[in-house]
1. Aspartates and glutamates near residue A:20 by alpha-carbon distance under 17 Å, same-chain residues fewer than 8 away left out - which ones?
2. Report, as an integer, the average count of C-beta atoms from other chains found within 10 Å of each Cβ along A:240-248.
3. What net charge is computed for the residues neighbouring residue A:230, neighbours being all others with C-beta under 11 Å from the C-beta of residue A:230, Lys and Arg scored +1, Asp and Glu -1?
4. Which log10 I(q)/I(0) values, to two decimals, does chain A give at q = 0.07, 0.13 Å⁻¹ under the Debye formula with one point per Cα?
5. From the backbone phi of the stretch A:116-133, what are the Karplus-calculated ³J(HN,Hα) couplings (6.51 cos²θ - 1.76 cosθ + 1.60, θ = phi - 60°) in whole Hz, Gly and Pro given as x?
6. Using only C-alpha positions, report the orientation-averaged shadow area of the convex hull of the protein assembly as shown, nm², one decimal.
7. First select every other residue whose beta carbon is under 15 angstrom from the beta carbon of residue B:232; then total the charges, Lys and Arg +1, Asp and Glu -1.
8. Sorted by packing (mean other beta-carbon atoms within 10 Å per residue), highest first, where do B:172-181, A:286-295, A:345-354, A:153-162 land?
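Every read-out reported here was derived from the displayed coordinates using simple, explicitly stated rules and does not represent laboratory data. A quick note: this is a predicted structure, and the numbers were derived from the prediction, not measured. Cβ: placed from backbone, ideal geometry, glycine included. Neighbour counts: every protein chain shown.
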Amino acid sequence: MFSRKNKWVKFLNNSVWDYKVPININNWWYFGSLLGLMLVCQIISGFFLSTHYVAHVDYAFDSIVHINRDVNYGALIRGFHINGASMFFFFMYIHIGRGIYYGCYRQAGVWYTGIVLMLLLMATSFLGYVLPWGQMSYWASVVITSLLSTIPYIGPSLVEWIWGGYAVGQATLTRFYSLHFILPFIMVIVVIIHVGLLHETGSSNPLGLYDPSGVGMRSFHPLYSCNDLFFCLVAMGYLIKLSAFHTWAFVPCENWIKADPMTTPKHITPEWYFLWVYTILRSAPTKGGGVALMVLSILVLAILPLVPMTHWQGGTQFSPVGKMLFALWVSNWLIMTWVGSQPATWPFMEETVYSTVIYFAFFPVFLLNLALKASKFQLDRSLYYKLWILILYVSIMITIFYNLPESIKWTIEDFLAN
Amino acid sequence: MSALLAKASRQGFLQAKTSISSQGACISTGRRFSRKKIALAVAGGVLGVGSVGVGMALLRPANAQELILHPPHYRWDFKGYFAAYDKASVRRGYQVYKQVCAACHTMEALCYRHLVDVCYSEREAKREAEEAMVWDGPNDAGQMFQRPGKLSDPFPKPYDNVEAAKAANNGAYPPDLGHVVLAREEAESYIFALLTGYCDPPAGYELADGMAYNPYFAGGAISMAQALYNEIIEYEDGTPATQSQLAKDVVTFLSWASDPDLEQRKKFGIKAGVVLFLMTPVAFYYKRFKFHTLYTQQIFWKKGK
């Protein structure tokens, strides 16, 4: 039954056990399997929490208190779930950064399913954040769902449809709970597609070389399986350290107060992993502009596979300019994360504009740099792709300009006039 | 930067050490930097980061708009990887809570049973519970009645409802103390500083009737009057009840009340840490063992004839 002649065993064997991996992949390549580990951890810890959680506006907060105090290892399991979400995002950002640096976006199918996974993770974590029904949970749900009201024509109706009424309430909580439960399983399906597409072409590698001969390849087991085991143990060590000793480090203090629709918290800040998006949202003086930029900040990743295709599959690793651009972009991302946690005053509000401009400006300059490099190899470059990038960027820049604070707009206009 | 990134990304993995130069070494320009250039880049980086740091340091006074005095960071003895709550202090803190705080504040999440084997024996906790009279019912005749408390009963509430609590406290609702330590920025240190930080308002500060001044409270004006004084209660164990001792004990009790599971989690963390401490080096050795042929091999590319 388990003979390798069996087609299912053969399929599994070819996709896991004997899957050929380039020998030169470095440590940044292991974050993919760590993400898989985190997804499994979240599903298991989430299942145990769901057995004690009550999705009712009057009892949700009390059921969380009950889990913390009266359920065996309840607080620890919550710790795993909360800190696991943070680690999930941490690994995901590293995984995306690795993809951009080493040109992994050239595998378009893998890259696009990755973006879908990112959106699914963001949605799932937001929905989960609402469930404890503390002050931050409630107000986060109000603020984020209200963003949809900026969609022309259908916005206000859409928000009410999502709320299930005229305000965030019982119907909202129940459906958020159901969605929070089902979305991870959809993520599992997309992960399977993501990995399946990856296995179609094979893993990328730091040199960006394609090796059809298989000389530079080795089977996944035992080399990479034992490497993954080591990294998984290290990741579990961090997760246990966070969950056991710093359990509530990522829980804002306002969320220890039961949701009160009549009292707004003093500072509403999202979780650390959404702070960069929050900075982009705050960079625009109008709500609609902020939401548009926020959506574009994720969709902009989708233009990376449009980079001119060459026989050379590398990314920025051999381009000093590309490296500098990437370092600048990562630094800017870190600054955005920090600025997002600061109060909405000077100089932070002004800084958000510069950070947003740098964030978006990175992509065309980065692609241009790669295109110039590709031109040296005299390979295929399509006008069609260039047009797409141009149209997208003109629209982004117009959105940014129309949302710039008046003072900066005047300065630019004065500069252009003179 | 490019040299650092190249090092971090470990492209040296496939570099042949013989006369054949590797691809990474050929194309990366970082390796061609002279010492002078590297020194200049490092100096520039240090200067840049330093100036940002100085700017941030200078920015701090400009942000002092909210008139909140931040508490000092006290060293709490239950913080740390191998530390646990001082049970004697939790017991004294409960005494302070019962005799002082419970007059105005609720603690909805806690029942008398939670005290068992923490700071009271089961018999002592039952005696504590029986001191409170609890409404129960209806009985067989359909009447509500009062009975002595049981271990399963929550701590009694000082007011019947929120409105009554507000009416008795200058319009301010005394917050529930169940999670008060976790629900405040700077947690334990803030509560200790608040309890011991009452003083006269500065000159020119208008204080409304019935309000007290506390620099640690946002805005300074607080509805809660100073509650802790030297010798306000007498401890069962004879510990001198100074104001700071009372505050320290009640903060320890409130910390335990907010996070009673802390010690269980730490125990788990230590056990799991020991297991991982043993397993991870074994996994690392095994990984190196499996990879050693790959690490020591060289690949040559030769032009075909």
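1. A:200, A:211, A:228
2. Values: counts 8, 5, 1, 4, 12, 10, 2, 7, 6.
Average neighbour count from other chains, rounded to a whole number: 6.
3. +2
4. With no solvent term, the Cα-only Debye profile gives -0.39, -1.28.
5. 4, 5, 4, 5, 5, 5, 4, 5, 4, 5, 5, 5, x, 5, 6, 4, x, 6
6. The directionally averaged projection comes out at 44.6 nm².
7. On the way: positive: B:92, B:98, B:248; negative: B:231, B:234, B:236, B:249.
Surrounding charge for residue B:232 is -1.
8. The peptides rank, most packed first, as B:172-181, A:286-295, A:345-354, A:153-162.
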